[in-house]
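Chemist: One structure coming up, written as structure tokens, with questions to follow.
The values are calculated or read from the model by the stated rules, or taken from the named source; none is laboratory data. Please read all numbers here as calculations on a predicted model, not as lab measurements. Glycine gets a Cβ as well: all are built from the backbone with ideal geometry, and neighbour counts include every protein chain shown. For the accessible areas, the whole protein counts, side chains as well, though only heavy atoms, and no ligand, DNA or RNA atoms are used. Shrake-Rupley method; radii C 1.70, N 1.55, O 1.52, S 1.80 Å.
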Amino acid sequence: MLLKRLTEAAGPPGGEDEIRSVIREEIEPLSLSVRTDVLGNLLAVRNGAGPNVLVAAHMDEVSFMIVHIEEDGLLKFRPMGGVDPRVLVAKPVRVGVNKQWGGIGAKAIHLQSVEDRRRPVTMDQLRIDVGASSRQQAEQTVKVGDAVVFATECELIGDGCVKAKSLDDRAGCAVMIEAARRTKGGNVTFAWTVQEEIGLRGAGAAAYAVNPQIAIVVESTICFDVADTASHAEGTKMRSGPALSVMDSHTLAHRGLLQQVVELAQAEKIPFQFRRATVGGNDAGAIHLAREGIPTVSISIPTRYIHAPTQVLALEDYENTIRLVAAVLDGIRDGRIHP
Amino acid sequence: MKQLLASLSETSATSGREEAVATVLIDALQGLVDTVKTDALGNVIAISRGTGESPRKIMLTAPMDQSGFMVIDIEEHGYLRVGTIGTVALSRSIGMRVAFANGTQGIVGVEPGIETKDIQASRLFVDIGALSKEEAAGKVRIGDTCAFVTPFVDFDNGRVAGSALSSRAACLALIEVVRRAGTLKDDLYVVFTAQKEVEQRGAGPATYGIHPDVAWTLAGTDAGDVPEGKRALGVGAGPCIKIMDGSVIIPVHMREWLSEVAEQYRIPVQWEIRPRVRSDAGAVLLAQGGTAVGAVSIPARYMGSSSEMIDLGDVEAAIRLFVHTIQSDTLFSVVDR
């Protein structure tokens with residue numbers, strides 16, 4: 001399953017080699033003109049007719065870096081991307097290119113008072129345990145600077161759902177691959193970008209290089225329609241279709257383009273919702289400000305437990321996102337959507 | 001011009017939704033410039049071609065937008081849930097009137113039992129007086145925005161007050177600059193910037209597209225001349241030449257140039273130093289390979305509130321300062337070093 005191959009690959013920000021080669025293999029049969037830029041963005045071009053379009057999804061996932069190996073063989077680490085430390089305790093991870101298994105534990109928790117235990121654990125108190133007996137022993141399989149990803153496997157669960165790590169944004173990467181397979185023609189650059197989680201870094205460079213007339217960003221986004229959450233705090237709802245952004249912390253939606261996408265979705269009877277939030281960020285933040293500014297629309301798959309070890313999405317939302325992205329690409333090619 | 005200023009001030013135009021103000025400005029520019037276009041971010045760019053043999057490019061900017069709220073949810077009983085656009089003093093918004101671009105008005109409320117200091121946007125709502133979710137949904141949609149809007153007040157002594165007044169006055173000032181400056185040897189680009197309240201997103205890309213040889217920005221700045229205030233800047237004491245703010249240290253030669261023009265034409269000026277605020281000048285400075293930028297500010301009390309106060313004498317002085325600057329024969333000596 002495409003989502004399984006993509007989510008189980010490692011891709012820390014700045015170290016996206018493995019996921020890039022998986023994607024590269026997937027798009028090989030499409031005969032696009034493929035290159036990797038100096039930052040590691042994977043760019044695949046279809047030189048057809050129509051306005052120059054950039055479609056982007058980021059390859060990197062929230063992860064960690066080993067910053068110190070202690071004498072007792074436990075590993076200190078720091079995040080790459082925004083991770084709530086409270087989701088980390090007792091989670092299994094894979095360290096470095098050897099994918100050494102590790103478990104995240106809290107240091108000296110039994111020495112804490114009852115008061116202390118009420119306070120959330122900070123990342124500084126956590127350690128990764130690879131079962132080493134000493135620093136020297138640990139250094140046989142891991143080293144300072146190694147990247148760490150969650151060890152979650154991808155599986156189908158429940159009623160047409162998928163659980164995996166890094167659905168943010170491998171789901172977006174998969175949507176782009178499928179959209180590339182299902183569409184023809186058009187003047188399109190598909191960009192699987194790097195380093196989004198640490199500051200939208202790959203996308204800005206890609207947008208500058210491609211200088212498109214329209215950009216589409218495909219992301220996973222917050223979906224907190226669980227546990228008595230008030231409607232206005234949900235962001236999105238599962239099984240309500242791809243979510244169109246109106247605003248986030250880095251971008252105010254291009255109204256004209258958004259309206260055209262809404263009308264196209266309605267005409268093609270593709271279910272959609274609005275991303276009901278004003279915070280968060282994605283590659284659009286960097287793309288829409290490139291050069292003289294680029295009209296950009298963000299289309300996102302509702303994803304529960306984003307930035308946590310196990311994320312969940314509904315396959316019907318994933319499928320409808322593919323349909324919408326493909327329809328937008330065809331719409332731009334045919335002049336139904338214009339810059 | 002006062003009437004136009006009043007109507008602009010009473011227009012709700014939040015960052016990213018500047019259309020209502022843009023339309024008025026584009027209309028006012030008719031016959032004054034060669035072309036007007038709107039870019040991908042909503043910046044309005046008015047262009048007048050110079051008559052000289054090798055015209056260079058002068059750029060002036062003023063911001064159109066104001067901060068406000070965006071609707072992110074419509075509740076069961078017709079209440080709107082919102083997020084903030086730009087900086088909004090949440091505790092001071094309770095009970096304030098807001099207006100949407102389509103004329104719908106609302107009142108900002110807060111869930112009961114929240115301490116003033118603990119108010120967050122997620123505890124606020126906007127009440128548009130709807131009796132049901134359906135009625136509310138008929139008037140506003142997810143993504144619609146509203147801003148504080150109050151009636152324009154003229155105190156008949158030069159002082160005026162209203163919403164977003166310093167920014168809207170800066171916009172009208174630049175139109176007046178274009179009118180009075182007439183034909184120039186060089187190309188003049190006047191940019192009414194979008195999204196200044198959200199990290200100045202409009203100014204950078206606009207400057208990138210134009211690539212001017214020299215640029216000046218006009219906007220509002222906080223005046224401290226209130227009771228017990230530090231009185232650094234005074235309303236009515238003249239336009240402020242920016243020395244620095246949190247996003248830009250104005251090149252010394254650019255501010256000294258403005259100072260010389262002010263002295264030559266006996267325009268009273270003040271000096272602005274604002275380490276903790278950011279401005280369009282900062283975005284202009286770093287565009288392309290760097291831009292020579294100078295900045296002037298109109299002092300305003302109660303900036304960002306529903307009702308700012310400015311002195312039209314300061315606006316008039318800013319207009320004169322800009323006109324003499326861009327008409328100057330030795331203008332480019334300030335950048336050709």
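Chemist: For the protein assembly as shown, give the share of DSSP beta bridges that are antiparallel, in percent and rounded to the nearest 5; count only bridges with both residues there.
Modeler: The antiparallel fraction comes to roughly 65 percent.
Chemist: Please give, to one decimal in nm, the separation of the simple spin-label points placed at residue B:226 and residue A:139, each 7 Å out from Cα toward the Cβ.
Modeler: For the pair residue B:226/residue A:139, the computed spacing is 6.2 nm.
Chemist: How about the range B:202-223: which of its residues lose at least 20 Å² of accessible area in the presence of all protein chains relative to their chain isolated, using a 1.4 Å probe?
Modeler: B:205, B:208, B:209
Chemist: Carbon and sulfur atoms: what percent of the 1.4 Å accessible area of chain A do they account for?
Modeler: Of the solvent-accessible surface of chain A, carbon and sulfur hold 51 percent.
Chemist: Determine which lysines satisfy two conditions relative to residue A:269: a Cα distance under 22 Å, and not lying fewer than 8 residues away in the same chain.
Modeler: The qualifying lysines are A:184, A:237.
Chemist: With the other protein chains left in place, how much accessible area per residue, in square angstrom, belongs to the protein assembly as shown at a 1.4 angstrom probe?
Modeler: 40
Chemist: Please give the charge dipole size of chain A, origin at the Cα centre, charges +1 on K and R Cβ atoms and -1 on D and E Cβ atoms. Round to the nearest 20 debye.
Modeler: Rounded to the nearest 20 debye, it is 240 debye.
Chemist: From the residues A:90, A:33, A:74, which one has its Cα farthest along the dipole of the range A:19-96 in the positive direction, the dipole being from +1 and -1 charges on Cβ of Lys/Arg and Asp/Glu about the Cα centre?
Modeler: Looking along the dipole axis, the top candidate is A:33.
Chemist: Just the number, please: carbon plus sulfur as a percent of the accessible area of chain B, 1.4 Å probe, no ligands or DNA/RNA counted.
Modeler: Exposed carbon and sulfur together represent 49 percent of the surface.
Chemist: Additional query: Could you check the spin-label model distance between residue A:116 and residue B:286? Points 7 Å from the Cα along Cα→Cβ, value in nm.
Modeler: With each label placed 7 Å out from Cα toward Cβ, I get 4.2 nm.
Chemist: For chain A, with the dipole built from +1 on Lys and Arg beta-carbon atoms and -1 on Asp and Glu ones, taken about the Cα centre, which of A:137, A:183, A:337 lies farthest toward the positive end?
Modeler: A:337
Chemist: Which one, A:187, A:98, A:320, has the greatest fluctuation when you compute a Gaussian network model over chain A with C-alpha springs under 10 angstrom?
Modeler: Looking only at A:187, A:98, A:320, the largest GNM fluctuation is found for A:98.
Chemist: Counting only DSSP beta bridges with both residues in the range B:219-337, tell me the antiparallel percent, nearest 5.
Modeler: DSSP beta bridges in the range B:219-337 are roughly 35 percent antiparallel.
Chemist: So if R0 is 56 Å, what FRET efficiency would residue A:70 and residue B:10 give, r being the distance between their Cβ atoms, rounded to the nearest 0.05?
Modeler: In this case the efficiency is close to 0.30.
Chemist: Another one. Using r as the Cβ-Cβ distance of residue B:89 and residue A:184, and R0 as 60 Å, what FRET efficiency do you calculate, to the nearest 0.05?
Modeler: 0.70
Chemist: Using 0.36 nm per residue, how much length does the chain from residue A:35 to residue A:208 gain when fully extended, once their Cα-Cα distance is taken away?
Modeler: Here the answer is 60.7 nm.
Chemist: Return the residues of the range A:210-250 for which accessible area with all protein chains present is lower than in the chain on its own by 40 Å² or more; set the probe to 1.4 Å and exclude ligands, DNA and RNA.
Modeler: Listed in order, they are A:232, A:246, A:247.
Chemist: Helix A:315-333 versus the longest principal axis of chain A: what angle, 0 to 90°, nearest 10, using Cα atoms?
Modeler: So the inclination is approximately 40 degrees.
Chemist: Please compute how much accessible surface disappears when A pairs with B, both sides summed, using a 1.4 Å probe, and round it to the nearest 100 Å².
Modeler: 2100
Chemist: Here's a follow-up. Starting from the Cα of residue A:226, step 7 Å along the direction of its Cβ; do the same at residue B:1; then give the gap between the two resulting points in nm.
Modeler: It works out to 5.9 nm between the two label points.
Chemist: Quick check on chain A: of the DSSP beta bridges with both residues there, what percent are antiparallel, nearest 5%?
Modeler: Taking every DSSP beta bridge with both residues in chain A, the antiparallel ones total about 65 percent.
Chemist: While we're here: Which of the residues in the range A:281-300 lose at least 40 Å² of accessible area when you go from the chain alone to all protein chains together (probe 1.4 Å)?
Modeler: So the qualifying set is A:289, A:291, A:292.
Chemist: On to the next question. Could you tell me the calculated FRET efficiency between residue B:77 and residue A:87, based on Cβ-Cβ distance and R0 = 41 angstrom, to the nearest 0.05?
Modeler: The calculated FRET efficiency here is 0.70.
Chemist: Expressed in nm to one decimal, what extension gain is obtained for the pair residue B:114 and residue B:273 from 0.36 nm per residue of sequence separation less their Cα-Cα distance?
Modeler: Net length gain for the segment: 53.6 nm.
Chemist: If you don't mind, there's one more thing I want to ask. Mind putting a number on the dipole of the protein assembly as shown about its Cα centre? Charges go on the C-beta only, +1 for Lys and Arg and -1 for Asp and Glu, and I need it in Debye to the nearest 20.
Modeler: 320
Chemist: Using a 10 Å cut-off on Cβ to Cβ distances, tally the other chain neighbours for every residue of B:68-74 and report the average as a whole number.
Modeler: 5
Chemist: Placing +1 at every Lys and Arg Cβ and -1 at every Asp and Glu Cβ, with all other atoms neutral, what dipole size does the range B:1-45 have around its Cα centre, in debye to the nearest 20?
Modeler: Once rounded to the nearest 20, the dipole reads 80 debye.
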